[in-house]
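Colleague: Pasting a structure here, questions to come.
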Amino acid sequence: MADTTAETPLLVVLSGPSGVGKDAALNELRKLERPWHFVVTATTRPIRPGEQDGKDYIFLDQPTFLDMKDRSEFVEYAQVYGNWYGVPKSQVTSGLASGKDVILKIDVQGAATVRAMAPDALFIFMVPYSFSELQERLSQRMTESTPEMELRLNTASEEMKLASQFNYQVVNRKDNLDQAVADIDSIIAAERRRPDRPPITLL
């Protein structure tokens, strides 16, 4: 029987509360040089030091973003902490069409939208080892005011209650990011080998 693995790429949704280390994990996953396509999210938030437009995010002004939204060019979009975030459809469809697994990093709210549109996607939730570790990570960013940080922590607390809705949970423990990355890599590899894994269809 012919190997049809290449014909059924995965849509991998990586989510978790703000500050849990999703971006850091993505950076390490890229270094593994697997046949993956990493979705770049569009946002209206200001670019942070060290970020690159088109790599970390697609940075758009609000009129451009809203115009794309009106033309239904996003898989999902949301306004989070006063800024717009959206996943361009072309980022997902082009990756799947190439036969690569598509890796999508998104917040918990966005993951729920993607779940409705692509129920056969693989959903992975990153959790901190403890809530105090998450608070420490956010405080080290030094980019949010105290009220905004409190909002993020309160939101994170609510988001973590939804972890059971995901297929897998991966713990990102302080100073042990490599283990979290290895866990994600292993999960994707195992799911890729599943003979009963259905093809991804965007509803």
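Colleague: Can you list the equivalent-ellipsoid semi-axes of segment 156-203, largest first and in whole Å, using the square root of 5 times each Cα gyration tensor eigenvalue? Before the final figure, lay out each step's value.
Modeller: Details: eigenvalues 114, 65, 12 Å².
After diagonalising the Cα gyration tensor, the semi-axes are 24, 18, 8 Å.
Colleague: Given H placed 1.01 Å from N in the peptide plane, which residues other than close sequence neighbours of Val127 have an amide H under 5 Å from its amide H?
Modeller: Val170, Val171, Asn172
Colleague: Ok, one more. How high is the relative contact order of the chain, in percent, counting Cα pairs under 8 Å that sit 6 or more residues apart?
Modeller: Across the chain, relative contact order equals 34 percent.
Colleague: Can you work out the Karplus-derived ³J(HN,Hα) for every residue in segment 111-126? Use 6.51 cos²θ - 1.76 cosθ + 1.60 with θ = phi - 60°, whole Hz, and x for glycine or proline.
Modeller: 4, 5, 5, 5, 4, 5, 8, 9, x, 8, 5, 9, 10, 10, 10, 8
Colleague: Give the Debye-formula value of log10 I(q)/I(0) at each listed q (0.15 Å⁻¹), with one equal scatterer per alpha carbon of segment 89-133, two decimals each.
Modeller: -0.48
Colleague: Here is a further query. List the pair-distance distribution P(r) of segment 133-183, using every Cα-Cα distance, as the percent of pairs falling in each 5 Å bin from 0 up to the bin containing the longest distance, rounded to whole percents.
Modeller: Percent of pairs per bin, in order: 4, 17, 21, 20, 23, 12, 3.
Colleague: Follow-up question, since we're still on this one. Where in segment 99-129 does the amide nitrogen come within less than 17 Å of the point 7 Å from the Cα of Lys174, taken along Cα to Cβ?
Modeller: From segment 99-129, the list is 127-129.
Colleague: Also: With +1 on the Cβ of every Lys and Arg and -1 on the Cβ of every Asp and Glu, and nothing else charged, how large is the dipole of segment 28-151 about its Cα centre, in debye rounded to the nearest 20? All intermediate terms of the calculation are to be shown ahead of the outcome.
Modeller: Working: 14 positive and 18 negative charges, 73 e Å.
About 360 debye.
Colleague: What per residue convex hull volume, in Å³, do the alpha-carbon atoms of segment 1-99 yield?
Modeller: Working: hull volume 12.3 nm³, N = 99.
Per-residue hull volume (Cα only) is 124 Å³.
Colleague: Could you give me D for the chain, from Stokes-Einstein at 10 °C and 1.306 mPa s, where the hydrodynamic radius is the Kirkwood radius over C-alpha pairs? Units µm² s⁻¹, please.
Modeller: 90
Colleague: Give the Rg/Rh ratio for segment 113-203, taking Rg as the radius of gyration of the Cα atoms and Rh as the Kirkwood radius, to two decimals.
Modeller: Answer for segment 113-203: 1.05.
Colleague: May I ask which of Lys31/Lys89; Lys31/Lys55; Lys105/Lys161; Lys55/Lys174; Lys69/Lys105; Lys22/Lys55 have a Cα-Cα span longer than 21 Å here?
Modeller: With Cα atoms farther than 21 Å apart: Lys31/Lys89; Lys55/Lys174.
Colleague: Same structure again: Read phi for every residue in segment 20-29 and hand back ³J(HN,Hα) as whole Hz from Karplus 6.51 cos²θ - 1.76 cosθ + 1.60, θ = phi - 60°, with x for Gly and Pro.
Modeller: Values per residue, Gly and Pro as x: 6, x, 4, 5, 4, 5, 4, 4, 6, 4 Hz.
Colleague: Along the charge dipole of segment 78-203, pointing to its positive end and built from +1/-1 on Cβ of Lys, Arg, Asp and Glu, which listed residue (Val127, Ser98, Leu177) has its Cα farthest out?
Modeller: Value: Ser98.
Colleague: When the chain is modelled as a GNM with alpha-carbon springs shorter than 10 Å, which of Ala112, Ala24, Ala163 fluctuates the most?
Modeller: It is Ala24.
Colleague: Per the 1.4 Å probe, what fraction of the accessible area of segment 142-194, in percent, lies on carbon and sulfur atoms? Walk me through the numbers on the way to the answer.
Modeller: On the way: 1580 of 3310 Å².
Carbon with sulfur: 48 percent of the solvent-accessible area.
The values are calculated or read from the model by the stated rules, or taken from the named source; none is laboratory data. Just so you know, these numbers come straight off a predicted model, no measurement behind them. Counting neighbours? That spans all protein chains shown, and the Cβs are built from the backbone with ideal geometry, glycine included. Only protein heavy atoms, including side chains, enter the accessible area calculation; ligands, DNA and RNA are left aside. Shrake-Rupley method; radii C 1.70, N 1.55, O 1.52, S 1.80 Å.
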